[in-house]
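Student: There's a structure below that I have some questions on.
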Amino acid sequence: MFRQQTRALRLMELPQSLLLVTGDAGSAFTAVWLAALFVSLTGRVAFDAVSTLIWVAAWVLLRAYQGLYPGYGKSPQTELRLHSVGTLQLLGAQLAAAFAIQEFAPSALGIGLQWLLTLVLALLVRYSIRAFLIRSGRFGRDISIIGAGQTAAIAIGHLRANPAYGLRPLIAYDDNPELQGTSLEGVPIIGSIEDALHAPRTLQALISIPGARAEVQQRLVNGVYAAFPFTWVIPDLFGVPNQALQPHNIGSVASLEVRNNLRSVQSRFIKRTIDLLGAGLGGLFLLPILLLIALAIKLDSPGPAVYRARRLGRNGEPFDCFKFRSMHRDAEAKLNSVLDSNPALKAEFEATHKLKDDPRVTRVGAFLRKTSLDEFPQLANVFLGTMSLVGPRPIVQGEVPKYGDIYAVYKQVRPGMTGYWQANGRSDTSYDERVGMDNFYVTNWTPWLDMVVLIQTIRVVFAGKGAY
C-alpha cells in the first residue's frame, strides 16, 4: 500500500515537474543563445553544441536532486538559495573544466555570461510557470492536518496565504469529539487521529500537536509515519529562530543546532555589500526620477522636497531618516484637529500610527505613498550605513513600549527601506502583526531572506496593495 501511494504521488506530480523542467531547460538554452550572440560580436568562438547540452543536462539533474521538481514544501528562501547556489556551482565547474583543457581564456566570458543569464531567466520563468499552475489549480499536494489546535490554524492560514509552498490543507483530524464535524480555517475536521491512520485520504500529513507529552508524540509520529508516505512534524519550538535550525544526531538522539546568523561575519559582509551596491547603483539610475519627484513636490505645495524624520536605528541610536515630503507643512495641526473631532480616526491612529485617509497628505504625496516613491531618499541612509535595503520597520521613540521585550531583538540590526512586513501585508496588517514580523525577520535573518523580501517588495509595490 505504501509503495502504491508513493508511486501515485509521483505520477500526480509528473506534469508539474515536466513543465518546470521544460521551463528551466528553455531558460538555459535561451541564456546560451544570448551569450553566444554576445561572444560572436567580440570575434570569439561560440559554444560547442554537445558540451552545452551536457552542462545544461547536468544543471537540470542537479536541480532534480535538490528537490526543485516540483519543489513542494520549500520556503522562498530555501528555493532561492538552492537555485542560486546550484547555478553558481555549475558555473564554477564549467570554468574549472575549461581551465583544465586550456580553453579558459576564450571560453570564460561566454561561460560566465551564460550562467549569470540563466540565474536570472530561470528564476523568472519558474515563478511565471508556478503562478500559472497556481491560478489553474494544478500546483500543490493535498495534505492532512493531524491535530486541530491553534498551531494548526496558524499553519493552515500561512499555507493558504502562500500557495507557492505547494502544500494544500485538505482535511483535519483531532481526538476532541467537540471539534469533529466542524472546520478549522475552512478545513473540515472529519474524524479522530485513529481514522487518519487506518484510512489516509492524502499522501502527506502535517502533525500539529506540539504540546503533547513525549511518549504521546513518539507514538503519534511513528503511527503517522507508517501510514503516510510524507510526514511533517511541528515541534514545540515556538519563538526559536526556525530558519537557523540545522538537524544533527548524537548517536540515536536527534538534536537541532540553532545558528545565530547575526554573528556571521560572512553574512553581514554580504548584506553590507548588497546595501552599498544597491544604494550606489540604484541612486545613480534613479537620479533623474528623483529630481522630477522633487520638482513635483515643490510645485504642489510649499515646503522642502525632502524632510528628515527622527527614527531609532541599530543599538537604539537615533538617526535622520530621509523621505520625500508627502504632507502639508501644517500637518500636525491638521491631524490634531481631525483626531479631536473624530474618535474613530483617533482610535485608528493610536492603534497603528497611520490613517488610511490622512488629511495631512498632499496630492503628490498620496501618489508617492501609493507607489512607495516617498521612501527613495532613504537610499542615502543605506549608503551612509544608518539603514539597510531590507530590515525591520524604522520606528520612533514613542513606539518602543509597544515592542516590549522584542525591542532588545529589534535593535540588533539596521532598520530597512523595505522589510518582511512590507512584503507581507504592508499597512493592511495590525500593529501587533507588524511587531511579530519584525521579530521573525531579525531572529531568522539570512541574506537569502533579504533577497526574497526584495523580490516580494517589487511585486507588492507594483500591485499597490496596502500602501497609504
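Student: Report the gain in length on full extension from LEU277 to ALA93: 0.36 nm times residue separation, minus Cα-Cα distance, nm rounded to one decimal.
Tutor: 63.6 nm
Student: Another question about this same structure. Percent antiparallel among DSSP beta bridges with both residues in segment 141-236, to the nearest 5?
Tutor: 10 percent
Student: How large is Rg over Rh for segment 63-191, taking Rg from the Cα atoms and Rh as the Kirkwood inverse mean of 1/r across Cα pairs?
Tutor: 1.22
Student: Return a whole-number percent for the relative contact order of the chain, with Cα pairs under 8 Å and 6 or more residues apart as the contact set.
Tutor: Relative CO of the chain lands at 11 percent.
Student: Right, next: Taking amide hydrogens as modeled 1.01 Å from N in the peptide plane, which residues meet the under 5 Å criterion relative to ASP142, leaving out close sequence neighbours?
Tutor: Long-range HN contacts for ASP142: ARG168.
Student: Show me, for segment 361-373, the HN-Hα J-couplings you get by feeding each phi into the Karplus relation (A = 6.51, B = -1.76, C = 1.60, θ = phi - 60°), rounded to Hz, glycine and proline as x.
Tutor: Listing the rounded values in order: 7, 7, 5, 5, x, 4, 5, 4, 5, 4, 9, 6, 5 Hz.
Student: Can you give the Rg to Rh ratio of the chain, both from alpha-carbon atoms, with Rh computed by the Kirkwood formula?
Tutor: 1.01
Student: Across 10 Å bins from 0, what is the distribution of all Cα-Cα pair distances for segment 141-236, in whole percents?
Tutor: 17, 55, 26, 1
Student: Suppose only helical runs count, i.e. DSSP H with n ≥ 4. What mean residue ellipticity at 222 nm does that imply for the chain under -39500 (n - 2.57) per run, divided by all residues and rounded to the nearest 500 deg cm²/dmol?
Tutor: -18500 deg cm²/dmol
Student: Which number comes out as Rg/Rh for segment 2-135 once both Rg and the Kirkwood Rh are worked out on C-alpha atoms?
Tutor: My calculation of the ratio gives 1.04.
Student: If you don't mind, there's one more thing I want to ask. Report the per residue volume, in Å³, of the convex hull enclosing the C-alpha atoms of segment 211-284.
Tutor: Hull volume over Cα atoms, normalised by residue count, gives 160 Å³.
Student: May I pose another question? Near the amide H of ALA305, under 5 Å away, which other amide H atoms are found, from residues 5 or more places off or on another chain, if H is placed in the peptide plane?
Tutor: Hits under the 5 Å cutoff: none.
No lab work stands behind these numbers, since they all come straight from the coordinates. Values in this document were obtained by computation on a predicted structure and should not be read as measured data.
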